[in-house]
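Worksheet for the structure shown next.
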Amino acid sequence: MSELIQSTILERTDFVVKDVFDFVSKLRGIKISNDEIMLTLDIENLYPPIPIEEVTRIIVEKLSVHSKISSKTLERFLKFCTTEYCFKFRDRFFKQVKGVSMGTPIAPVISEVFLFEIDRVIAGYPSVKCYFRYVDDCFVIVKTS
């Protein structure tokens, strides 16, 4: 499922960087004027705040066009994969009750879909000169005026 989502939904964009070399390459030629500042941001606790319902809707909407699996089946499968995962810590079992379950193999892909939607919004602001993201680390140049 992760591979299907990655290959179908997550197209490459200018604001997602694959490594430090890609980041440096994208920064070349960018000049910062006096009315601009650079910001670095780190998203803390990435998985718990991800709205499962919203991400499921986005994935089902985009994937149902490219898949022979029904929308209802995709929705049930995604909810199961993201919410019914238990983990063991110090000989006790836990179930995450909010957001995407940490440790589930589909979690990184789900978070990427969610962040991809946020990327589009941030990069679209008129005051944003450039915006780049690597996993949960963001770099932004914005106008201050």
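The table below gives the values:
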{"read-out": "Mean ellipticity per residue at 222 nm, deg cm²/dmol - from DSSP H runs of n ≥ 4 across the chain, formula -39500 (n - 2.57)", "value": "-12000 deg cm²/dmol"}
{"read-out": "Accessible surface, per residue, of the chain when the full set of protein chains is kept, probe 1.4 Å, Å²", "value": "65 Å²"}
{"read-out": "DSSP-loop trypsin sites (Lys or Arg not before Pro) across the range 1-68, with at most 16 other Cβ within 10 angstrom", "value": "ARG12, LYS18, ARG28, LYS31, LYS68"}
{"read-out": "Percent accessible area from carbon and sulfur atoms, the range 53-113, protein chains only, probe 1.4 Å", "value": "58 percent"}
{"read-out": "Distance (nanometres) between label positions extended 7 Å along Cα→Cβ at MET38 and LYS143", "value": "2.1 nm"}
{"read-out": "Loop GluC sites (Glu not before Pro), the range 77-145, which have at most 12 other Cβ atoms in a 10 Å radius of their Cβ (DSSP)", "value": "GLU84"}
{"read-out": "The range 1-26 and the range 83-145: distance between their alpha carbon centers, rounded to Å", "value": "14 Å"}
{"read-out": "Total lysine pairs under 26 Å (Cα atoms) in the chain, excluding pairs fewer than 8 apart on one chain", "value": "20"}
{"read-out": "Interatomic Cα distance distribution for the chain, bins of 5 angstrom, percent", "value": "2, 8, 17, 18, 17, 13, 11, 8, 4, 2, 1, 0"}
{"read-out": "Simple label model, 7 Å out from Cα along Cβ direction - TYR125 to PHE77, nm", "value": "3.7 nm"}
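The values are calculated or read from the model by the stated rules, or taken from the named source; none is laboratory data. Since we're looking at a predicted model, the values are computed, not measured. Positions of Cβ are backbone-derived with ideal geometry, glycine not excepted, and every protein chain shown enters the neighbour counts. These area figures cover heavy atoms from the full protein model, side chains too; ligands, DNA and RNA do not enter into them. Shrake-Rupley method; radii C 1.70, N 1.55, O 1.52, S 1.80 Å.
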